[in-house]
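Please read the structure below before turning to the comments.
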Amino acid sequence: MATKTSDVQLAANPESGAPDIKTLSSVREILRHLSKTVSAHKLFPDLHESLIQFREGLLGLFQAYFEDRDELELDIEANAFRYEGEVVLKDDNILRSLPHLFFKDGMKTLTFLKGLVSTELDDFLSLIKTTSLLPLEVSDIVDALWQKEFEHIRFYAPDDYLEAQVGAAERIPIQFQVYKGDLYRGRIELKPDDVAAMFGALRDPEGAGPKPAAVDAGEAILFTGFDESEQRRLESLLIAERRMSDEQESIDLTFELLLAEDRPEVVEILLNILEQTHAAALQTLDFFKVVQLIGKADQLAERLEGAAPEKVRAVEQFRRVLRERSPRNEIRRAAAAGRIPSPKHLLDYLTLMGPPALPLAAELYESSRDTEFRALARDYFEQAGRDNPQGLAEQAGEDHPFITKAIIDVFGRTRDPRAVSSLIAFMAYREKSVRLRSIQTLGSFDDATAQKALWASLRDENEEVRIEAAAQIKLGTDPGAVREWIGIVSEAAFLKKSSAEKAAFLQALGRSPGEEAGAFLRGLVEKSSFFGRAKLREVRLGAVRALEARGGTEAAETLEAAARKGDRKVREACREALARLRSGRMDSGKRRI
Amino acid sequence: MTAPETKPALNTADIMDMIINFHVSIKLAKLYASNNRQLQERIEVLYASIRKLQDTEDLIQLRMIESFIFVNRQRLKFSFAHYPIYQFLLDEFEGWQIGMISFLAELTKEELREFILLLTQRDLPKEDPYEHLAEDFKAAALPHIRIQKNPTMIAAESRDRNVAPIYFLGIYHLKQVFHFEGETLNLRVTKRWIQTICKVLSFDESVLFGLTSVKNFEDYTLNHSTNVCILSLALGRRLGLSRPELIELGISACLHDVGKYDIPQEILNKPGRLDAQERAIIEKHAARGAMKLIQMRAAQQIPIAAILVALEHHITPALAGYPKYAWKTQTALYSRIVKVIDYFDAITTKRVYRPKTLTPSDALKLMIEQGDKEFDPLILKAFVQMIGIYPIGSLAILDSGELAIVAKSNPQAAFVRRPAVKLITDAQGNHVDGPIVDLAEMDEAETKFKKSILTTLDPEKYGIRIFDYLLAMDSAAGAAASPGHP
């Protein structure tokens, strides 16, 4: 019988006998609504409007009941709930009966307490739903409720249910009775060694005398409470345990067992488990797990020295399977939809797959707009390029400008001489940005073949390309190259070039340390003519900048002389260049157009 | 009773402070007279800590719900260090049958003092203690303190049940589990048994601890696994594991030695030393057990933790032992727990190959000596503090010459050598059905302890079956002993 709890300071209410009709009606209403809500929970998704209304309605009924009561205790029968002896809900259909759901697992009473909140009620309803959907041999509402630890929902399920479940066949009669008459009869005579120990202890109470230091220290520690650092360590052990991923542990565990296990049939089972794990990981594109599995499989193979040949073969076969499976199409689709869970782990996977994965990586790079992926992929390509530049270069193509440029950048970073021929080939691409990039990169190589190839770009149809080529060419002190360059600059056609292009060509002479280049530039600055004045001015201005870039006494003298006469703009330019030279603020390498 | 959502939460440290002060006040009030200065000072400190909480919320409520303590809406986090305090307060609340104590905003120091004395100064009857307390409370007229009776639910879960049948049910159930030959093991019953054990542990650990002195019932491995499970659950509770975690730990402990059933009996029970080959076979039981559980895992009822424990329970924290790990760098928490308890139960069990079975206290001494070479030091410390240096069921001789059996350990670390003991002989060695004596009790003058343990004895030397005495104690505490099962 449910009794009302009483607050001593409030006026005591008389204890009720049979429940009044109003209360019974209220309880019946609650349970009817609970039943309907449970059904609704199975039909509708959690956020469905109808379900929300059912839940709110149910909570409202409970709250109304608890306005002047503290608990609602229900006795549970096979197909009915009773409240203070009266049936308040009956349902004979065991497939849907709420009372039966609780009864079948041995529950005898279910109590709701005042203070029940919506989150608890929602959890309770979810729990009923989950439990009712499980197979009978597995579902246990008592266990589910106990694990959930509701604050305002209690239940009682006695142990006789447990007894019945253990199975009569296994029980053997146990005498649980002890006859005290027999137990406390007679006398105990201590053995001599125990008597000696007793007297020894009497002389040395509580073992205060000498004992092994380790025991002494150990006992002393055990007698004290846990200090803060011990508390923290315990907490961290608990946290680590709670963070442990089942899946991860499962993989680690299986590999450890594989190492320890000799039985062929068991090795096969374990390898099958791992293969299934691998397949599932590929399906969900969980490349972290895939990489782990492949990596550990390789490590396992290394540790099999001395193992049975059968086991070694099985593991080798397993490793092959892991590498052969490759969900290229799934990866492409996922990449296209932006659904790759982790670009980093995908690239780790592709790295493990080796050179055969390179075309797929290149394909993904070309089609991806994910900046994170591209940044990571560049590191991948760099590694691939170091190992096999030719293989990497083969991923480039006229129709793949992004990957082609990425490959060019890789070659620029690695400065692998083996890449020069590929870079030269890229200079012939239609895409201007590719030609420009490859010219820039070739220019960074200290390689005669590269330099030679750049000369060809001086005749490129695109001015920007020609300018870049001129900027990258290093004339050095090769008299032949300098003379040829001077020849180009001296041609009438040179005057038709844009000022930017002219400047680029002249800068190349400025960069050359040879005397011939210097003399030619000085000559250009000193030159004056009434014919083609504007074009000549451009040349002279370019020469001024080139001389400034050269620096040195002779350049300064030429600039000083030219600053005193001739074209006004040239004079100004010379003065400014001189000023910068003298102050050491020359902004070398900067082209002014 | 649910407070509005917008109120800030009470500070956890302040809550703990108040709880500790409340605990100490109750203890002091039970020991000393009402005008004792230490008691007065402590009540003042308690008052200050309640007022501090009332800076945040006017109404401060202590509630006991099942085995948890709530302060307003906040459930106290269970921690090993404070376990004795929690257990003490839960026991006191249970003894008073109080479910809630409320301190209102205008609480005075005098009211609080009166209240503490009211709770502690007289012996309440076992029958309906709350009714008597309520009368005293009404008479005291403390306008800013309220009390409420504990709802009847806990009474239905009788603390006075016989625990022994539950213990043996576990052994029988494990027999079904270990001999299971199907593909999908159903652990539903195992979980229910674990749940029941946890409930009994929350009421009183002593009886179950005593029952773990039963060894070799039916079969060594079954009995041993049951004992390991019970002690692991007790330790797990103290460490603050949640209920789902306790279920996992319980399952893991039950199944930790399932691999032993693949080892030939003639090797398991060989009286002499094992040769290298036999040792290698024995050592395989860990991996075999793990493998067995993996194969059963198809129904996904067996937690991964159980497989880990089966594999790791013979590996030390430094990864010595067996099997040897190639990749993993540490063992799991549950494995460390089971390792300690597995070792303890094993060396206190008579086996054909063990010339001398250690008494529980000697076993603990040995384990302390081995220290962190063999065990996680924190887990070992927690375990020893849990069962006491003289575990329940130890046979001891007192300085009075009487023989006694340890009936209940002392929760305070400082009194770990002072459990409660049941006297079974007088000073002359005559068997008596003596009282249970608390060895922490001091003489009238409070100068020394009334009785002390001199040393422990091996009960087998005297043909003493400890279990019979514990069963008699269990039967005396509970309902009439149940008859033998059909």
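Rule-based calculations on the coordinates, nothing more; no lab input. Remember, predicted model here, so these are calculated numbers, not experimental data. Cβ sites come from the backbone with ideal geometry, for glycine too, and all protein chains shown count toward neighbours.
How much length, in nm to one decimal, is gained on full extension between A:SER25 and A:ALA307, taken as 0.36 nm per residue of separation minus their Cα-Cα distance? It would help to have the intermediate numbers written out before the result.
Working: separation 282, 0.36 × 282 = 101.52 nm, distance 7.53 nm.
Additional length available on full extension: 94.0 nm.
Amide H to amide H, which residues 5 or more places from B:ILE98 or on other chains are under 5 Å from it, using H placed in the peptide plane?
Amide H neighbours of B:ILE98: B:ASN150.
Give the dimensionless ratio obtained when the Cα radius of gyration of the stretch A:79-123 is divided by 2.2 N^0.38 Å.
1.29
Ordered by packing density, taken as the mean number of other Cβ atoms within 10 Å over each peptide's residues, highest first, how do B:302-312, B:395-405 rank?
So the order, starting with the most tightly packed, is B:302-312, B:395-405.
Add +1 for every Lys or Arg and -1 for every Asp or Glu among the other residues with Cβ under 10 Å from the Cβ of B:ASP376, and state the total.
It works out to a net charge of +2.
Do the alpha carbons of any pairs in B:LYS175/B:LYS339; B:LYS175/B:LYS328; A:LYS296/B:LYS175; B:LYS365/B:LYS448; A:LYS191/B:LYS373; B:LYS292/B:LYS381 sit beyond 29 Å of each other, and which pairs?
Numbers: B:LYS175/B:LYS339 22 Å; B:LYS175/B:LYS328 32 Å; A:LYS296/B:LYS175 37 Å; B:LYS365/B:LYS448 26 Å; A:LYS191/B:LYS373 35 Å; B:LYS292/B:LYS381 32 Å.
Violating the 29 Å Cα-Cα cut-off are B:LYS175/B:LYS328; A:LYS296/B:LYS175; A:LYS191/B:LYS373; B:LYS292/B:LYS381.
How large is the charge dipole for the protein assembly as shown, taken about the Cα centre, if only the Cβ atoms of Lys, Arg (+1) and Asp, Glu (-1) carry charge, to the nearest 20 debye?
On the way: 141 positive and 158 negative charges, 1137 e Å.
About 5460 debye.
Output the 0 to 90 degree angle, nearest 10, between the alpha-carbon long axis of helix A:264-283 and the longest principal axis computed from the alpha carbons of chain A.
Tilt relative to chain A: about 60 degrees.
Direction-averaged shadow area of the convex hull around the Cα atoms of the stretch B:1-141, nm²?
Projected area, direction-averaged: 8.7 nm².
On a 0 to 90 degree scale, rounded to 10, what angle separates helix A:228-243 from the longest Cα axis of chain A?
Computed tilt is about 80 degrees.
By how many degrees, 0 to 90 and rounded to 10, does the Cα axis of helix A:358-367 deviate from the longest principal axis of chain A?
On a 0 to 90 degree scale, this one is about 80.
Set the Förster distance to 56 Å, then compute FRET efficiency between B:ALA320 and B:GLU44 from the Cβ-Cβ distance, nearest 0.05. List each step's numbers first, then the result.
Values: r = 54 Å, r/R0 = 0.96.
That pair, B:ALA320 with B:GLU44, gives E of 0.55.
Rank the residues B:VAL432, B:VAL45, B:VAL437 as a footprinting-exposure proxy: fewest other Cβ atoms within 10 Å of their Cβ go first.
Values: B:VAL432 13, B:VAL45 16, B:VAL437 19.
So the ranking, lowest neighbour count to highest, is B:VAL432, B:VAL45, B:VAL437.
Helix-only estimate, please: 222 nm mean residue ellipticity of chain B, summing -39500 (n - 2.57) across DSSP H runs of length 4 or more and dividing by its residues, to the nearest 500.
Using -39500 (n - 2.57) per qualifying helix, the result is -15500 deg cm²/dmol.
Mind sorting B:TYR32, B:TYR343 by how few other Cβ atoms lie within 10 Å of their own Cβ, fewest first?
So the residues, fewest neighbours to most, are B:TYR32, B:TYR343.
What list of ³J(HN,Hα) values in whole Hz, one per residue of the stretch B:61-72 in order, does the Karplus curve 6.51 cos²θ - 1.76 cosθ + 1.60 (θ = phi - 60°) give from phi, with Gly and Pro shown as x?
Once θ is set to phi - 60°, the couplings for the stretch B:61-72 become 10, 9, 10, 10, 10, 6, 9, 10, 10, 10, 10, 6 Hz.
Compute the FRET efficiency between B:ALA33 and B:LYS138 as 1/(1 + (r/R0)^6), taking r as their Cβ-Cβ distance and R0 = 22 Å, and round to the nearest 0.05. The partial results should precede the final answer.
Numbers: r = 24 Å, r/R0 = 1.11.
Rounded to the nearest 0.05, the efficiency is 0.35.
With +1 on each Lys and Arg Cβ and -1 on each Asp and Glu Cβ, and nothing else charged, work out how big the dipole of the stretch A:414-462 is about its Cα centre, in Debye to the nearest 20.
Using Cβ point charges on Lys, Arg, Asp and Glu, the stretch A:414-462 gives about 100 debye.
Considering amide H positions built from the backbone, and no H for Pro or chain starts, which residues 5 or more places from B:VAL432, or on another chain, come under 5 Å of its amide H?
B:THR425, B:ASP426
Take A:ALA375, project a point 7 Å from its Cα along the Cβ direction, then tell me which residues of the stretch A:340-366 have their backbone nitrogen under 15 Å from it.
Output list for this probe position: A:343-345.
Let me have the 222 nm mean residue ellipticity of chain A computed from DSSP H runs of 4+ only, each contributing -39500 (n - 2.57), with the sum over all residues rounded to the nearest 500.
-19500 deg cm²/dmol
Of B:HIS224, B:HIS314, how do they rank once you tally other Cβ atoms within 10 Å and put the fewest first?
Result, fewest neighbours first: B:HIS314, B:HIS224.
Compute the distance in nm between two label points, each set 7 Å from the Cα along the Cα-to-Cβ direction, one at B:ASP204 and one at A:TYR184.
1.7
What's the average, rounded to a whole number, of partner chain beta-carbon atoms within 10 Å of each residue's beta-carbon in A:228-236?
That average works out to 3.
Looking at chain A, identify the longest residue range that excludes and avoids all GluC sites (Glu not before Pro) in DSSP loops having at most 11 other Cβ atoms within 10 Å.
Free of exposed loop sites, the longest segment is A:306-460.
Long-range amide H contacts for B:ILE65: which residues qualify at under 5 Å (H placed 1.01 Å from N, peptide plane, sequence gap of 5 or more or a different chain)?
It is B:PHE70, by chain and number.
Need the full-extension length gain, A:ARG339 to A:ASN462, defined as separation in residues times 0.36 nm minus the C-alpha distance. One decimal, nm.
Length gained between A:ARG339 and A:ASN462: 40.2 nm.
Taking 35 Å as R0, compute the FRET efficiency from the Cβ-Cβ separation of B:THR56 and B:LYS126 and round it to 0.05. Walk me through the numbers on the way to the answer.
Details: r = 38 Å, r/R0 = 1.09.
Taking R0 as 35 Å, the efficiency between B:THR56 and B:LYS126 is 0.40.
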